[in-house]
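Following: one structure in structure tokens, then a few remarks.
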């Protein structure tokens, strides 16, 4: 077993005991990145020497007994939408090749303050506007997409290039790649993690959060990232709990809603079987699985796109008129289309959103369910050349719509959602299920995810892309 | 008042609409945008079926105290 195979919690324990050093741990990860990067292309920038300097500094503190927390000395990666002083924030776009950051994004600053070692910046689907991350491949099968838009982070964390990483999620961009790469991904409640210094896709739908190999590691990283920031107008001033404190308390007596509509419509049979088995495991762990009908389900995708398109086009308004030829074809087309959506349509989407929020709040009100459990993705990772899925009932759906469809309710409502691996297809590709909770109830969904994770060993499996 | 769905835009209509936003689209670009715009217009028109009454817009997620976890 190599050092990079440890979980973050295991590595932190060994760093704290002095059994290993932060430099050794970082060297192990950098070597692993060197082994896998040719097959994956997960990174825009590998920091190398800077990472080793940060590791040496962390090592000195740890050796002196000054332990900052669970991420001190831990190698991590950051999606290249996040500003990091002295590096370009490319957003994996030619439009941004010269966009140098002169300060750290809030989440980068928090990682540095926690003593984490940032080994590099990872590829995103261009400006986070897509679900395939075409620069990068899935470590479980390099003929397949890693998902997106946080595809570089997911590919690297799954391949053991680092222990955890930053993703962003506007329509599923943490949870989709996490599920397709066999990881835990945690999209927190809107406002829980600051977006200051993070390139926006859609202000009212954007979230920032962790991807990691275990629930505990994701929860620990959320504890580092979460907190109020006046620079982000969506930020909420609430205390940050220890998200791991009740993680192993079990789920006996919890009422978990299983949607009777929307989520299990249009889905691959193999993925459905794995998710159903996970729900059975939750039931065996003491939860009550309660059928629930989701409100206004037919509107979710229209609201997601009705908000995302015009907001993204507003963000890119100047560049689209001066450097349009530098955008990729898909992103340019989305941005041009978003310019042509009337304000009345945008406002209507915002009004429907309010009704959706109220409907979900009613589902999880006292006497209702404690959380919703559902598939994260309707199928495992698509091959890179696949544009459409055909479902068992013969219906066809674009891969983009299929993946976003399962994720977007938590973006439209702003509710926290965690995905956890729930098995592998016969082809060896992972899928996951998600738990969506009440506002700021990240600790509750961590507990539910951990209760399932404790019954399986999916996180022990490792891909070996070369 | 007619609240009908809009027709699928033609490339010429896309060019005219883009001009109104000072976005110059040539015919090639308009033909690339048109199918996607038609799809999103159709999706947005479906929202007209929701009875919104006096529902105000929700500009961003804001949790009410009563929604929060205990």
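Structure notes:
- Any hit, the range A:264-276, residues being assigned to a loop (DSSP other than H, G, I, E, B), under 23 Å from the mean Cα position of the chain (by Cα), modelled with pLDDT under 95 and buried (at least 18 other Cβ atoms within 10 Å of the Cβ): yes
- The number of residues in the range B:4-24 that are surrounded by fewer than 16 Cβ atoms within 10 Å (Cβ to Cβ), within 11 Å of chain A (Cβ to nearest Cβ) and either under 21 Å from residue A:302 (Cα atoms) or in contact with a strand residue (DSSP E or B) (Cβ under 7 Å, 6 or more places away or on another chain) (or both) comes to 1.
- Test: residue A:385 is modelled with pLDDT under 95 and over 30 Å from residue A:438 (Cα atoms): no
- None of A:340, A:320, A:350 is free of Cβ contacts under 8 Å to residues at least 40 places away in the same chain, in a helix (DSSP H, G or I) and farther than 30 Å from residue A:276 by Cα except A:320.
- Scan of the range A:170-200 for residues that are within 14 Å of chain B (Cβ to nearest Cβ), within 24 Å of residue A:399 (Cα to Cα), out of contact with any strand residue (DSSP E or B) (no Cβ under 6 Å at 6 or more places or on another chain) and buried (at least 24 other Cβ atoms within 10 Å of the Cβ), ordered by number: A:170, A:171
- Within the range B:25-59, if we keep just the residues that are modelled with pLDDT under 95 and over 15 Å from the mean Cα position of the chain (by Cα), the residue that is nearest to the other protein chains (Cβ to nearest Cβ) turns out to be B:58.
- Selection status of residue A:295, within 30 Å of residue A:69 (Cβ to Cβ) and within 14 Å of chain B (Cβ to nearest Cβ): no
Per-residue answers, yes or no, for (1) under 30 Å from residue A:312 (Cβ atoms); (2) under 22 Å from the mean Cα position of the chain (by Cα); (3) part of a loop (DSSP other than H, G, I, E, B):
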| site | (1), (2), (3) |
| --- | --- |
| A:50 | no, no, no |
| A:62 | no, no, no |
| A:66 | no, no, yes |
| A:85 | yes, no, yes |
| A:98 | yes, no, yes |
| A:103 | yes, no, yes |
| A:107 | yes, yes, no |
| A:110 | yes, yes, no |
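- Within the range A:381-419, the set of residues being touching a helix residue (DSSP H, G or I) at 6+ places or on another chain (Cβ under 6 Å), in a loop (DSSP other than H, G, I, E, B) and within 28 Å of residue A:216 (Cβ to Cβ) comprises A:381, A:416.
- Residues located in the range A:380-425, provided they are farther than 21 Å from residue A:302 by Cβ and under 17 Å from the mean Cα position of the chain (by Cα): A:380, A:381, A:416, A:418, A:419, A:420, A:421, A:422
- Within the range A:434-458, the set of residues being assigned to a helix (DSSP H, G or I), within 13 Å of another protein chain (Cβ to nearest Cβ) and within 17 Å of the chain's Cα centre (by Cα) comprises A:442, A:443, A:445, A:446.
- Residues of the range A:347-379 that are within 30 Å of residue B:19 (Cβ to Cβ) and over 26 Å from the mean Cα position of the chain (by Cα): A:347, A:348, A:351.
- Of all the listed residues (A:374, A:312, A:361), the sole one being part of a helix (DSSP H, G or I), crowded, with 17+ Cβ neighbours inside 10 Å and more than 10 Å from chain B (Cβ to nearest Cβ) is A:312.
- Flag for residue A:303 being touching a residue at least 24 places away in the same chain (Cβ under 8 Å), buried (at least 19 other Cβ atoms within 10 Å of the Cβ) and not in a helix (DSSP H, G or I): no
- Scanning the range A:30-38 for any residue that is surrounded by fewer than 21 Cβ atoms within 10 Å (Cβ to Cβ), in contact with a strand residue (DSSP E or B) (Cβ under 7 Å, 6 or more places away or on another chain), in contact (Cβ under 8 Å) with a residue 24 or more places away in the chain and over 20 Å from residue A:225 (Cα atoms) turns up at least one such residue.
The values are calculated or read from the model by the stated rules, or taken from the named source; none is laboratory data. Model, not experiment: these values are computed from the prediction. We place every Cβ from the backbone using ideal geometry, glycine too, and count neighbours over all the protein chains shown.
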